[in-house]
Amino acid sequence: MRLRQILLTWLLALLLVLPLPSPVWAQSSMPLGQQLFNTTGGQIPVSVLDINGLTIRNFPPIQLTPDLLGKLTQISPLIDLSDLQPAIGQWVPVGQILPIGSAFGTESLDFATTAALGGIDLNSISLNDIGGFKQLPLGNFAQGIPNLGDLKLSDAPAMGIAALQAQGIDPSQLATDNWNQLLQRSGLVDLKVADAMQSIPGLSAMKLTQIDPKLLSTLSLDQGIPGLSKTTFSLIPGAAQVPVAGVPGLTHIPVASLPQPLTLIPAAIPIRMDVMLGPQESNRTRAVSGTMPDQTLTLQPLSCTQNCSHVEIIDMGSGKYTGYAWMTGDQQGPDCFGSLCNLFGSTGPVGSHPYGPAVRVVLRHTSEAVGTVQASIAFRFCATLPFEGLTCSAYNGLEIPISSLKEGQTFVMSEPGAYVGQAPALPGFYSDNGSGGNNTCDIGSSIPVLSTQQQAISQAIINAAPSAMRSAAAQAVPRVLSACLTEGITDSAQLAYIMGTMQVETSMGAAMTENAATACSSDCTGYHGRGYGQLTGIDNYRKASQWTGVDLVSNPNQAADPALAAKIMCHGMKIGGFTENGPLNQYIPPGSGTSGFYRARDMVNPGDSSSNGCHSCVASDATTYYKAISQAQQAAANSNQPQATGQDATANQPQPSNQSAASGCGSSNQAPVNGWCDPLPGGIQTHPFGEYPHGGPPPHVHMGIDIAGNAGATVYAAADGVVDETRTTCPNSTDCGCGGGYGNFVVLRHPNSWLTLYGHNARPLVKAGQSVKCGQAIAIQGNSGCSFGDHVHFETNLGNDANHISPNKAGVPHMHS
């Protein structure tokens, strides 16, 4: 009850915030770079945000105004920002004011992950080094950190020291070598943390700032508060309010490698700024700009009736949106969801999301006379709240200028009405949640299941089920697979995850109804778990009644009917209707493979990786079914593969084996072209063969091609071969002296004297001497060595590593040079 009161007080405070009168601007703008796009006029460079190596600490500083400080105080009521008062009127680093809840999904990280990615030794971080976290009530830590409440005060030094102070012990009497003795004398040594929070007045409200900094400096994170380093920030109430500078290493991590990465989405559309038009324009119905009024991560375009300042665009991709209007941010629309919807008002500026949901690109201040418009990126504030889940404000807070754009200049946008989510940046963020093991393995891009494959894939899933469940699976799998395909769920990873959920919830349909006596608390009496996903609670029964057209509130037993249960399972997973924590596409975007399997459990049973949440067990089962589906798809592809005839391939091209693409875990499911596979399917080629990508003078000729996928993308073997050499010890950050500049690399030796090299990886997945197949996963894309942003440097060499041949001439599919 105390937590509920705290949250209600916080939310009431948020409701008092007035809408922002104007955006807050930075001292300078963020630079633009160029990236090659395929357009109707061929491949041309397009202006994009230069994110190579960009970190939060590299963002241009923000001028701290009284208005901005007031709003930050409202966003972060638990954080004392009074020390910023002397800086009013000055330019301050973004990291000092940008809260975790606004910063690229970093609420889903933890101290251990940010330290590793930021290049900081976790053991060197003390409780005195965690910035705004020191201002959170100790009761928040006790509630958020799993099992902390069950520990004795003597096993949690920070809590024990605070308890002594709350009991009246003079802080100056406390030292590293005597606090435990004082705890014993006070009779508190065996008191559990949770009980202490209840029984010692004022303890739960105390903060680490009330403990002597010298004492805090002697305590590492887990030594002082056991479990703190690996607890996801979202589990600690109030953590979303902490400025990112309070997390050691976080501001050093490239924004392209954060959970909601600042990277171009695969569906970004190249455009050209045609005509700048002012507020005298009216009745513009064809708009590409819009807002996101819910958590489906879908941009809803908004038309304009008056004061329609906008830029008329030319769509250089398909031409579909040529002549449409990108409205300026003066146009507002519904743009939030949940309790934080009133944080700065429920409306936000229209814009586009070519870089995913982390920021919105907003246009402002069109000038017809000069032919210019100002582009910026706008942030929103999000938090995961108990009793509610994820809630987000509108994108109407902090804005940072990108650049002034001119008529005729190229730029990018997202498609109106389309999903703008990103795949999780690094598989490790979500695969094991810091528990020390990756149970899902790194599997590459998932591909759609065709209706013609339905029978074969059903049988593959049934065969992959545990033997004791196969009889039930034989009945359930075809029914659920058919229902999901009808719902439009065709991605193989998404289908695999639904099957994994069905195994955990119902043993593949063998247990369609939970024990009413033990299934849940009194608030769901009569509405306990039923169906393939164990629909639970009267609210979900009401929603499922709307989905199916059947009154399940009056007839709850019908939720266990197999036909209805299949529809409920697939539709509920698709829209995220069971918990309203987001739709299936948000956790497992089509084509993203298994990287989102761990966190996807939040759609059904949110929480940490406890036995109740079972994130890891569902992810593991889903991976088993993903392998089975992948093998069935590959078998179908092989059976339909035409046989090569004549002299299509040159004598020196590598020859595929009988099973040319590795199946199961680690396969990209590619059909080789003349023995070659694409090393990074769907990646964008940023630097061609033969150029000087880093500005170096000759003889620094670029002997390969640079390809950039989503951060954390899987790199695949370009042909059958043997691992000749790897490097694994480079940090995943720019270090031009490591690995000969290639960083963590993999070299493969292929038939007919070919060698391929894959550089700058975060980590290789193979070892020297290992045999690999064309399309097999060999590495995770990264930023190691002499690299300035996540990508893979790919070389094809004939005979020796000095005889460089362009990948295009070698015959590698999809290579442009």
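Sort 113-122, 550-559 for me by packing, meaning the mean count of neighbouring Cβ atoms within 10 Å per residue, highest on top.
113-122, 550-559
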Notebook entry, point to check: Near Pro248, within a Cβ-to-Cβ distance under 11 Å, what is the net charge of the other residues, with Lys and Arg +1 and Asp and Glu -1?
Noted result: -2
Item checked: Built amide H within the under 5 Å cut-off of Leu151, gap 5+ -> Val193, Ala194
Check: How would you rank 45-51, 490-496, highest first, on the average number of other Cβ atoms within 10 Å across their residues?
Finding: 490-496, 45-51
Next item on the list: Starting from the amide H of Val46, placed 1.01 Å from N in the peptide plane, find each other amide H under 5 Å away whose residue is 5 or more places distant or on another chain.
Entry: Gln35, Leu36, Phe37
Notebook entry, point to check: Of Ala268, Cys341, Pro357, whose Cα points farthest to the positive end of the dipole of segment 268-414 (charges on the beta-carbon: +1 Lys, Arg; -1 Asp, Glu; origin at the Cα centre)?
Noted result: Ala268
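Under a Cβ-Cβ cut-off of 12 Å, what is the net charge of the residues other than Glu399 that fall near it, where Lys and Arg count +1 and Asp and Glu count -1?
Values: positive: Arg360, Arg364, Arg380; negative: none.
Local net charge: +3.
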Next item on the list: Within 10 Å, count the other beta carbons around each residue, average over each peptide in 783-789, 282-288, and list them highest first.
Entry: 783-789, 282-288
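Which entries of Lys320/Lys406; Lys192/Lys543; Lys574/Lys773; Lys627/Lys809; Lys320/Lys567; Lys230/Lys543 have Cα-Cα distances beyond 30 Å here? Spell out each step's value before the answer.
Values: Lys320/Lys406 22 Å; Lys192/Lys543 41 Å; Lys574/Lys773 34 Å; Lys627/Lys809 34 Å; Lys320/Lys567 35 Å; Lys230/Lys543 35 Å.
Exceeds cut-off: Lys192/Lys543; Lys574/Lys773; Lys627/Lys809; Lys320/Lys567; Lys230/Lys543.
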Note to self: Using each residue's phi in segment 202-216, evaluate 6.51 cos²θ - 1.76 cosθ + 1.60 at θ = phi - 60° and report the 3J(HN,Hα) Karplus result to the nearest Hz, with x for Gly and Pro.
What the structure shows: x, 5, 5, 8, 5, 10, 4, 5, 8, 9, 3, x, 5, 5, 4
Next item on the list: Rounded to the nearest Å, what's the spacing between the alpha carbon centres of segment 111-181 and segment 471-499? Just the number, please.
Entry: 47 Å
Next item on the list: With all protein chains present, calculate the accessible area of Asp330 using a 1.4 Å probe and round the result to the nearest 10 Å².
Entry: 110 Å²
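Which shape class applies to segment 23-88: rounded if a/c is under 1.5, otherwise prolate when a/b exceeds b/c and oblate if not, where a ≥ b ≥ c are the square roots of the Cα gyration tensor eigenvalues?
Working: a/c = 3.45, a/b = 3.25, b/c = 1.06.
Note, shape of segment 23-88 comes out prolate.
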Next item on the list: Would you kindly find the accessible area of Leu151, with a 1.4 Å probe and non-protein molecules such as ligands, DNA and RNA excluded, rounding to the nearest 10 Å²?
Entry: 50 Å²
Margin query: If I ignore ligands, DNA and RNA and count only protein heavy atoms, how much of Leu277 is accessible to a 1.4 Å probe, in Å² to the nearest 10?
Written below: 30 Å²
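Roughly speaking, what is the stretch gain from Ser753 to Asp67, that is 0.36 nm per residue apart minus the C-alpha to C-alpha distance, in nm to one decimal?
Details: separation 686, 0.36 × 686 = 246.96 nm, distance 6.63 nm.
Going from the current span to full extension adds 240.3 nm.
The values are calculated or read from the model by the stated rules, or taken from the named source; none is laboratory data. On a predicted model such as this, the values are computed, not experimentally measured, just so you know. Cβ: placed from backbone, ideal geometry, glycine included. Neighbour counts: every protein chain shown. Just so you know, the surface numbers come from the protein's heavy atoms only, side chains and all, with ligands and any DNA or RNA stripped out. Shrake-Rupley method; radii C 1.70, N 1.55, O 1.52, S 1.80 Å.
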